[in-house]
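First up is the structure itself, then whatever we jot down about it.
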Amino acid sequence: MFQRLKNLVKEVKWRAGFTPLCSVCGERQGKHYFGTIEIPRGKGEHIKVGETTFGDVLNTPMDVVKWTGEKEQVEYFECEKCFKGEED
């Protein structure tokens with residue numbers, strides 16, 4: 001139910017002339033909506049909480065970290081170019 005309401009709000013904004021910014025490149029043509037994400041804001045630091053590997057090809061260990069400061073929720077959009085992985 002909550003997801004339907006969020007999608008309805010997004011649809012109303014688009015019909016009213018609101019064009020969201022692409023979260024990757026900043027262009028004002030974000031068409032693909034991925035919901036909300038938390039991003040770190042303010043003072044804080046990343047603390048290592050573990051380690052993982054990514055896939056079979058990149059079998060290199062990577063740190064898993066946690067942000068200790070404040071977080072902000074933002075809506076995540078991508079434009080057509082960024083969604084398809086195209087570069088300028």
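The values are calculated or read from the model by the stated rules, or taken from the named source; none is laboratory data. Only a predicted model underlies this, so the values are computations on that prediction, with no experimental measurement involved. Every residue, glycine among them, receives a Cβ derived from its backbone with ideal geometry; neighbour counts consider all protein chains shown.
Quick check on this structure: which one of 26, 69, 50, 42 is under 13 Å from the mean Cα position of the chain (by Cα) and not charged (D, E, K, R)?
26
Only residues in the range 66-86 that are under 12 Å from residue 24 (Cα atoms) count as the first member; pair them with residues that are surrounded by 13 or more Cβ atoms within 10 Å (Cβ to Cβ) and polar (S, T, N, Q), Cβ under 6 angstrom, at least 6 apart or cross-chain, and list the lot.
Taking only residues 6 or more apart or on different chains, the pairs are 76/23; 77/23; 79/29.
For the chain, give me every one of the strands (runs of 3 or more DSSP E) that falls completely inside it and has 2 or more residues that are of a type in the set (S, T, N, Q), surrounded by 13 or more Cβ atoms within 10 Å (Cβ to Cβ) and modelled with pLDDT of 90 or more.
Per the criteria, no element qualifies.
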